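Heads up, the thing below is written out as structure tokens.
The values are calculated or read from the model by the stated rules, or taken from the named source; none is laboratory data. All of these numbers come straight from a predicted model, not from anything done at the bench. A quick note on method: Cβ atoms are made from the backbone with ideal geometry, for glycine too, and the neighbour counts reach across all protein chains shown.
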Amino acid sequence: MRTDEIASGLAGVEKRIGEACLAAGRDRGEVTLIAVTKTYPAADVRLLAGLGVRDVGENRDQEAAPKAAACADLPLTWHFVGQLQTNKVRSVVGYADLIHSVDRGRLVEAISREAVRQSREIGCLVQVALDDDPGRGGVRPADVPAVAEAIDAAPGLWLGGVMAVAPLGEDPGKAFARLRDVALGVQEGHPRATMISAGMSVDLAEAVAHGATHVRVGTALLGRRKLFVR
Ligand SMILES: *Cc1c(COP(=O)(O)O)cnc(C)c1O
């Protein structure tokens, strides 16, 4: 049964997070698991919620909007983790509690305007580029403070911290160590912006070792996706 599959995926991920915390001398309570449910149906979100998951992540508005609506009765926090075009902001602000992929001033302005219009408070994380591939999104480390400042100053938004995806072909630990440096830089000016969103199915242990407060896990929980969706 699907519940059993998901329960066993969840148990495996919980075990890995627990072991990574132990190895890093961190408390399990310092790390939040975000279940990335992209390509999986609302029914799976419901099963995850039944198993105690409280944070879910999605990366495409077309898919996320109806799923969030179908799960509106569940006690969930919705994280938007995908690249976000300004023409989708109105929809995303309608259901997302946090947006992890804020990577330009224009987007900050657009999210702020919509948050105010919809009387919402949206948590925003600056997505950090840990390599030079512009296609993967994110702000270069040197430009992160300015985007963080813009979020902090924008009505309707609160600055959560930083997010990144480990670059392909590099030791993820090294990349996550750079992310932690960027995060600490942001925290100097914004001590409450403590979120470090890093680590996915393959590299969650390295992320926890380097200070991740939020890991975003899809495949290891729900199985391999049929479609490749970034
Ligand atoms: C899909 C996705 C994840 C989850 O990836 P898995 O490898 O399935 O764990 C995490 N973060 C982002 C931004 C994603 O798009």
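Just one of (1) outside any strand (DSSP E or B); (2) surrounded by fewer than 21 Cβ atoms within 10 Å (Cβ to Cβ); (3) at pLDDT 95 or above; (4) within 16 Å of the ligand (Cβ to nearest atom) fails for GLY123. It is (1).
Take the residues in the range 191-200 that are within 13 Å of the chain's Cα centre (by Cα) and farther than 11 Å from LEU125 by Cβ; name whichever of them is nearest to the ligand (Cβ to nearest atom). Don't jump to the end; show me each part of the working.
Quick first cut of the range 191-200, residues within 13 Å of the chain's Cα centre (by Cα) only: 195-200.
If we keep only those that are farther than 11 Å from LEU125 by Cβ as well, we get 199-200.
Details: GLY199: 8, MET200: 4 Å.
The qualifying residue nearest to the ligand (Cβ to nearest atom) is MET200.
Take GLY156 and tell me if it is at positive phi and within 16 Å of the ligand (Cβ to nearest atom). No: the conditions fail for GLY156. Of all residues in the range 22-45, exactly one satisfies the criterion of being over 25 Å from GLN83 (Cβ atoms), in contact (Cβ under 8 Å) with a residue 12 or more places away in the chain and under 19 Å from the mean Cα position of the chain (by Cα), namely GLU30. Residues of the range 68-90 that are buried (at least 22 other Cβ atoms within 10 Å of the Cβ), in a helix (DSSP H, G or I) and either out of contact with any strand residue (DSSP E or B) (no Cβ under 7 Å at 6 or more places or on another chain) or not aliphatic (A, V, I, L, M) (or both): VAL89 alone.
Are any of the residues in the range 104-116 among the aliphatic types (A, V, I, L, M), in a strand (DSSP E or B) and closer than 29 Å to PRO172 by Cα? No - not one qualifying residue is present in the range 104-116. Does the range 40-54 include one or more residues that are touching a helix residue (DSSP H, G or I) at 6+ places or on another chain (Cβ under 6 Å), under 22 Å from ALA115 (Cβ atoms), among the aliphatic types (A, V, I, L, M) and part of a helix (DSSP H, G or I)? No, that holds for no residue. Cβ-Cβ contacts under 9 Å between residues 6 or more apart (or on different chains), taken from a first residue in the range 210-222 that is within 16 Å of LEU48 (Cβ to Cβ) and part of a loop (DSSP other than H, G, I, E, B) to a second residue that is among the hydrophobic types (A, V, I, L, M, F, W, C) and more than 8 Å from the ligand (Cβ to nearest atom), are listed as GLY218/ALA35.
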